[in-house]
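Below: one structure, written as structure tokens.
The values are calculated or read from the model by the stated rules, or taken from the named source; none is laboratory data. On a predicted model such as this, the values are computed, not experimentally measured, just so you know. Backbone-built Cβ (ideal geometry, glycine too); neighbour counts: all protein chains shown.
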Amino acid sequence: MKLLIFIFLFLSSVCFADNNLELLVSPEEISKKIKEVAATIDQQYADQDLTVIMVMKGAVCVTSDLIRQLHIPVTLEYMKASSYGKNGTSRGELRITGLDTLDLTNKNILVIDDIFDSGFTMETIVQRLQEKKPKSVKTLVLLAKKIPRETSYRPDFTLFEIGNRFIVGYGLDYKEHYRGLNGVYAFINDTPPAVLN
Ligand code: 5GP
Ligand code: MG
């Protein structure tokens, strides 16, 4: 009997380990949208160079899936922007690193980030990139929150619009957890698991 109870508890903890998560965008929807946007990018940059700059770490999944759907030759670079850090869902100071060593003069740039929230991160990144005299700068985000914003800047490509919730999965983290999930999720009742607090 004790063994049965143990097996039941073990199986339920495995099966329901992520039952605090609510799926917002499925892997199939992401994959379909990435193919569509890749076809548009292929057309827009036909016969031109393209340098993709991946904003670490959140853009890792969308970037790696997108570049594999592109047919045009792409140079991949990366930079880092962080404003959340280890404290989870509360915003800290924006830190941008990794731009100094990039030579972007006269290049077509496509910056890829995970999510467009207030827009401050992407607006700041674009301003910093313009100082490097590229030929063009466009931006792509996996997600944009449907919220009022102070900035009038908008990404050139937004794959999905979502509500104003804290998002994890497909590159996005909560305290460095959940980046490896194949879909986009929010916490049920917008409450992160207490064990991670
Ligand atoms: P923004 O500057 O647009 O307000 O914030 C953009 C950055 O904040 C994103 O690149 C992302 O790293 C982080 N961020 C904003 N909203 C969320 C969210 O709901 N979940 C996660 N994991 N990160 C977010
Ligand atoms: Mg980010």
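A Cβ distance below 6 Å, combined with a sequence gap of six or more or placement on separate chains, defines the contacts here; from segment 91-105, residues that are within 15 Å of Gln130 (Cβ to Cβ) reach residues that are in a loop (DSSP other than H, G, I, E, B) in the pairs Leu104/Lys132; Leu104/Pro134; Thr105/Lys133.
Listed by first and then second residue, the pairs linking a residue in segment 38-66 that is charged (D, E, K, R) to a residue that is surrounded by fewer than 18 Cβ atoms within 10 Å (Cβ to Cβ) and part of a helix (DSSP H, G or I), with Cβ atoms under 8 Å apart and 6 or more places separating them unless they lie on different chains, are Asp65/Ser31. For first residues located in segment 134-156 and of a type in the set (Asp, Glu), partners that are surrounded by 14 or more Cβ atoms within 10 Å (Cβ to Cβ) and lie 6+ apart or on another chain with Cβ distances below 6 Å form the pairs Asp156/Lys138; Asp156/Thr139.
Each row is one residue, and each column tells you yes or no for (1) closer than 24 Å to Asn182 by Cβ; (2) more than 11 Å from ligand 1 (Cβ to nearest atom); (3) of a type in the set (Val, Ile, Thr); (4) not in a strand (DSSP E or B).
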residue	(1), (2), (3), (4)
Asp47	no, yes, no, yes
Val52	yes, yes, yes, no
Val55	yes, no, yes, no
Asp100	no, yes, no, yes
Asp114	yes, no, no, no
Thr124	no, no, yes, yes
Val137	no, yes, yes, no
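Go through segment 57-85 residue by residue and tally those that are within 13 Å of the chain's Cα centre (by Cα), among the polar types (S, T, N, Q) and away from ligand 1 (no atom under 13 Å from the Cβ). Result for segment 57-85: 1. The single condition among (1) among the hydrophobic types (A, V, I, L, M, F, W, C); (2) more than 13 Å from ligand 2 (Cβ to nearest atom); (3) surrounded by 16 or more Cβ atoms within 10 Å (Cβ to Cβ) that Ile112 does not meet is (2). Consider segment 89-129 and keep the residues that are small (Gly, Ala, Ser) and in contact with a strand residue (DSSP E or B) (Cβ under 9 Å, 6 or more places away or on another chain). The one that is modelled with the lowest pLDDT is Gly92.
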